[in-house]
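Remarks on the structure that follows.
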Amino acid sequence: MPLYEYELCEGNCVVCGGHFTLRRPLSAAPLTNCPACRKPVRKIISSFSSPIKLKPLSISDAKKAGFTVLKRLNKGEYERQ
Ligand SMILES: [Zn+2]
């Protein structure tokens, strides 16, 4: 069964943490609500499997989204920005 990743459309959830993964059969109906708290969720589409090219985020956008941005210094060395 494929593993799907979901996040809450808004707000937080103490049950699922607002971000969770679920294994679901391909035949299952799209999940629209958190199974734990019933808040609306959206599926996160992995950039590895999606044919859609997303516009690259700026570093500040990525940071706002909670990413740790790493700058490549040398082979095998990265610096936190
Ligand atoms: Zn939840």
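Which of the residues belonging to the range 33-44 are surrounded by 12 or more Cβ atoms within 10 Å (Cβ to Cβ) and assigned to a loop (DSSP other than H, G, I, E, B)?
CYS34, PRO35, ALA36, CYS37, LYS39
Just the residues that are part of a loop (DSSP other than H, G, I, E, B) and either surrounded by 14 or more Cβ atoms within 10 Å (Cβ to Cβ) or charged (D, E, K, R) (or both), please, taken from the range 10-27.
Residues satisfying the conditions are GLU10, CYS13, CYS16, GLY18, ARG24.
We did not get these values from a lab; they are worked out from the coordinates using the rules stated. What you are looking at is a predicted structure, and each value in this text was computed from that prediction instead of being measured. When we count neighbours, we look across all protein chains shown, and the Cβ atoms used for this are built from the backbone with ideal geometry, even at glycine.
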